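To keep things clear, I will list the structure first and then write my remarks on it.
The values are calculated or read from the model by the stated rules, or taken from the named source; none is laboratory data. Computed from a predicted structure; not experimentally measured. Every residue, glycine as well, gets a Cβ built from its backbone with ideal geometry; the counts of neighbours run over all protein chains shown.
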Amino acid sequence: MTVTDPYAAATRETTEGRVYTVTGGDWDTIAPDAAEERLVINMGPQHPSTHGVLRLVLELEGETVTQARTVIGYLHTGIEKNLEYRNWTQGVTFVTRMDYLSNAFNETVYCLGVEKLLGIEVPERATTIRVLMMELQRIASHLVWLATGGMELGALTAMTNGFRERELCLDVLETITGLRMNHAFVRPGGVAQDLPPGAVEKVRELLAILEKRVPLVDQLLTGQPIWQKRLQDVAYLDVQGCLSLGVTGPILRSAGLAWDLRKTQPYCGYETYDFDVPTATSSDGWGRFLVRVQEMKESMKIIEQALDRLQPGPVMVEDKKIGWPAQLALGSDGMGQSLDHVKKIMGTSMEALIHHFKLVTEGFRVPAGQVYTAIESPRGELGVHAVSDGGTRPFRVHVREPSFVNLQSASAMCEGSLIADAIAAVASIDPVMGGVDR
């Protein structure tokens with residue numbers, strides 16, 4: 001009689017040359033071929049490396065990602081649907097909260113759509129202020145990308161320096177709009193108010209600081225061997241892959257295609273500004289790093305030009321059907337009149353008071369029609385498809401959000417790489433979940 005030891009060890013060598021050991025019985029009945037085993041893990045939605053409430057479902061074989069799926073919707077706010085229940089001006093307060101790192105871009109693209117439906121032209125000074133605001137926020141957004149990406153890859157000095165410079169940008173934005181974020185400063189027909197006294201000087205002081213500190217990123221990281229190895233040949237996506245997925249922004253430009261709507265489909269007078277479109281050819285995380293750092297330098301050039309071309313003039317279209325009487329009074333001379341003058345208008349003219357009340361509570365009517373407008377946000381093409389039925393509220397507003405579209409590339413970038421490189425891949429996409437789950 002033969003007795004089988006239940007704790008006897010059985011071994012099997014897989015086709016990949018790995019040896020697995022199983023105790024307690026027959027290999028085939030206790031465990032399948034270990035080479036076919038996969039480990040599925042959740043990264044997020046509560047994870048510091050997912051740039052917000054993003055969930056990645058990763059299937060692993062050892063340290064290698066064999067399948068990556070993105071799961072979104074944890075931050076859904078219903079902004080697009082809410083716009084149907086507010087008038088056209090109130091809509092700015094909603095869209096500014098989508099991509100919360102690109103408030104001025106959200107506001108501007110929405111207002112450009114409304115203005116196209118209205119068939120109105122924004123005053124030159126208001127357009128210049130819009131350009132100034134957008135380029136300031138492009139720098140601030142790229143600094144957040146640098147800071148968060150540096151933290152996730154272990155470059156903590158990049159994090160502290162990035163957030164330090166971003167604070168300076170937010171201080172200037174607060175001076176201009178009164179808020180650090182969610183400004184609701186850009187309005188249909190222009191901007192909410194003119195630049196306050198001292199704002200231009202404060203922007204020039206910021207530029208002087210950034211012109212010294214942004215190049216320090218090159219000294220800190222560009223020549224750093226560890227930083228290079230963490231990004232080079234990581235999260236690869238070539239031009240064909242970008243075009244197939246609709247990916248735009250720094251990801252597309254890092255693959256060698258100089259597609260920037262400020263150049264290819266100009267808006268807000270960008271065709272009159274002198275700046276370059278940075279590109280790279282590596283199609284990886286390293287190229288996206290180089291492109292974004294260079295874009296910050298180009299944005300500083302645009303801001304300098306915008307400051308030089310600021311001329312006195314109105315900051316709101318002089319159309320009483322659209323502009324509030326108080327707005328028209330504050331911006332009528334381009335430099336802003338005193339609040340006493342506004343109080344005088346509102347206190348002595350019953351007609352102006354009633355008109356102001358109706359515009360604030362009911363809003364203005366927009367001719368029936370539909371339009372698509374697009375601008376170049378820090379993450380790529382940001383578009384708005386606005387539909388009007390002739391009323392005071394949007395019939396439908398749909399946003400083509402670059403974070404949402406670009407996030408499709410996560411699987412292509414991660415699969416076949418190490419799990420540590422999946423962190424670098426998501427960081428190189430730079431998604432903002434407020435824009436994805438709008």
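Go through the range 170-197 and count every residue that is closer than 29 Å to Ile120 by Cα, among the charged types (D, E, K, R) and in a helix (DSSP H, G or I).
Matching residues across the range 170-197 total 1.
For residues that are out of contact with any Pro (no Cβ under 7 Å at 6 or more places or on another chain) and of a type in the set (A, V, I, L, M), tally how many sit in the range 102-117. Spell out the reasoning first.
If we filter the range 102-117 for residues that are out of contact with any Pro (no Cβ under 7 Å at 6 or more places or on another chain), which is where we start, we get 103-110, 112-113, 116.
Restricting the remaining residues to those that are of a type in the set (A, V, I, L, M) gives 104, 109, 112.
Result for the range 102-117: 3.
What number goes with the only condition from (1) of a type outside the set (Gly, Ala, Ser); (2) closer than 22 Å to Pro431 by Cα; (3) touching a Gly at 6+ places or on another chain (Cβ under 7 Å) that Tyr236 does not pass?
For Tyr236, the exception is condition (3).
List pairs: first in the range 274-301 and assigned by TED's automatic domain parsing to the domain that holds Ile209 and more than 21 Å from Thr148 (Cβ to Cβ), second surrounded by 23 or more Cβ atoms within 10 Å (Cβ to Cβ) and acidic (Asp, Glu), Cβ under 6 Å, 6+ apart or cross-chain?
Between residues of the range 274-301 that are assigned by TED's automatic domain parsing to the domain that holds Ile209 and more than 21 Å from Thr148 (Cβ to Cβ) and residues that are surrounded by 23 or more Cβ atoms within 10 Å (Cβ to Cβ) and acidic (Asp, Glu), the close pairs are Val277/Asp260.
For the structure I just gave you, tell me whether Pro312 is in contact with a Gly (Cβ under 7 Å, 6 or more places away or on another chain), surrounded by fewer than 22 Cβ atoms within 10 Å (Cβ to Cβ) and in the same structural domain as Met133 (by TED's automatic domain parsing).
On the way: in contact with a Gly (Cβ under 7 Å, 6 or more places away or on another chain): yes; surrounded by fewer than 22 Cβ atoms within 10 Å (Cβ to Cβ): yes; in the same structural domain as Met133 (by TED's automatic domain parsing): yes.
Yes; evaluated as a whole, the condition is true for this residue.
Within the range 53-92, which residues are in contact with a helix residue (DSSP H, G or I) (Cβ under 6 Å, 6 or more places away or on another chain) and either among the β-branched types (Val, Ile, Thr) or surrounded by fewer than 20 Cβ atoms within 10 Å (Cβ to Cβ) (or both)?
Val53, Glu63, Val65, Thr70, Ile72, Leu75, Ile79, Asn82, Val92
Residue by residue, here is whether (1) over 13 Å from the mean Cα position of the chain (by Cα); (2) in a helix (DSSP H, G or I) holds:
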position: Asp99; (1), (2): no, no
position: Asn106; (1), (2): no, yes
position: Val114; (1), (2): yes, yes
position: Leu117; (1), (2): yes, yes
position: Arg125; (1), (2): yes, yes
position: Arg138; (1), (2): no, yes
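Going by the conditions given, is Ala208 of a type in the set (Gly, Ala, Ser), at pLDDT 95 or above and farther than 30 Å from Glu415 by Cα?
Yes: the conditions hold for Ala208.
In the range 198-223, what count of residues is obtained for those that are assigned to a loop (DSSP other than H, G, I, E, B) and either free of Cβ contacts under 8 Å to residues at least 12 places away in the same chain or crowded, with 16+ Cβ neighbours inside 10 Å (or both)? Step through it out loud before you land on a result.
Initially, the range 198-223 is screened for residues assigned to a loop (DSSP other than H, G, I, E, B), giving 198, 223.
Those left that are additionally either free of Cβ contacts under 8 Å to residues at least 12 places away in the same chain or crowded, with 16+ Cβ neighbours inside 10 Å (or both): 223.
So the count comes out to 1.
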